[in-house]
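The values are calculated or read from the model by the stated rules, or taken from the named source; none is laboratory data. No experiment lies behind these values; they were computed from the predicted model shown. Counting neighbours? That spans all protein chains shown, and the Cβs are built from the backbone with ideal geometry, glycine included.
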Amino acid sequence: MKVFAGNSNRLLAEAICNYLNVPLGRATVRRFADQEIFVEIQENVRGEDIFVVQSTSFPTNDHLMEMLIMIDAMRRSSARRITAVIPYFGYARQDRKPGPRTPISAKLVANLITEAGADRVLTLDLHAGQIQGFFDIPTDNLYAVPILARDVKENYNLENVMVVSPDVGGVVRARALAKRLDCQLAIVDKRRERAGESEVMNVIGDVTGKDCLLIDDIVDSGGTLCNAAEALLKNGATSVTAYITHGVLSGGAVARVTSSKLKELVITDSIQPTTAVQSAHNIRVISTANLLGEAINRTSAEESVSSLFD
Ligand code: R5P
């Protein structure tokens, strides 16, 4: 097995290699003057089981293109099998037609990855599970919930914890964590009663005196999260912490989170944290390296990956 990385998340790729006790494969991924991407694999990969680690995070299109070109280079270098390891799968929120004459970009990206020459995909907390079906090659969608649950157990008195979904769409994810922790579940229901009126946040469940844990797959602008936190505190919650797999944190999101009433935002390293994230007083990053490393190990050994979540 050999593990290679693009430029999106080298720290995570190195940590994965550390877990696997293999060196990170040598490859040059650089730009020509006109910003075209050039890739050169600097070691033999003929007949090898190759894993290319790359999150399609900001700048999404550059990182996506890097991954496609790396896969192409591997294929043309006679790799035996190529697995695209995509800790954060960008474009995932464009998984349906929101209106007439709009694309399904997540499907297009899946087609591009397959067409480039990937034989398998290994990813983490896809925005919607059915995106797995956009790929006609084997796709493993790992769950961060065991890592998040372990962190909660280390930091919270479970008797007072309430798991909360920040919107109705996230209930299945939140329920999975609540079940693991054997905690109660509440839901923030965001509703616009009439067009032009501002949204009303209704909390379903009694959160009075509870340490609320908001769970979601993505924090992007931070709007969903900070609004839900406000609503929970208004409804009597003692504290609000958020556990979110992918810290997209675009625009002024880090400032929004640091100036919010959130006790803490816990994200994973599926997207490489920026310096702003690293220095934020209430953002903490936990690693997915061992989970991804173990999944790579098992994929290579043709062992069960789903049993990682038993
Ligand atoms: C939406 O369906 C996702 O699960 C997240 O709730 C959303 O992407 C968060 O976005 P933002 O942080 O911009 O509110």
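Results, tabulated for the structure shown:
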| item | result |
| --- | --- |
| Residue within the range 133-145 that is in contact with a Lys or Arg (Cβ under 8 Å, 6 or more places away or on another chain) and part of a loop (DSSP other than H, G, I, E, B) present | yes |
| From VAL203, VAL257, residue being more than 10 Å from the ligand (Cβ to nearest atom), surrounded by 14 or more Cβ atoms within 10 Å (Cβ to Cβ), at pLDDT 95 or above and of a type in the set (A, V, I, L, M, F, W, C) | VAL203 |
| Members of the range 62-93 that are part of a loop (DSSP other than H, G, I, E, B) and either of a type in the set (A, V, I, L, M, F, W, C) or surrounded by fewer than 18 Cβ atoms within 10 Å (Cβ to Cβ) (or both) | SER77, SER78, ALA79, ARG80, PHE89, ALA92, ARG93 |
| Verdict on PRO59 being within 16 Å of the ligand (Cβ to nearest atom) and surrounded by fewer than 18 Cβ atoms within 10 Å (Cβ to Cβ) | no |
| Leading residue by the ranking (nearest to the ligand (Cβ to nearest atom)) among those in the range 146-167 that are free of Cβ contacts under 8 Å to residues at least 60 places away in the same chain and within 20 Å of ILE218 (Cα to Cα) | SER165 |
| Among the candidates ILE271, ILE244, residue that is near the ligand (Cβ under 10 Å from one of its atoms), crowded, with 23+ Cβ neighbours inside 10 Å and within 30 Å of VAL53 (Cα to Cα) | ILE244 |
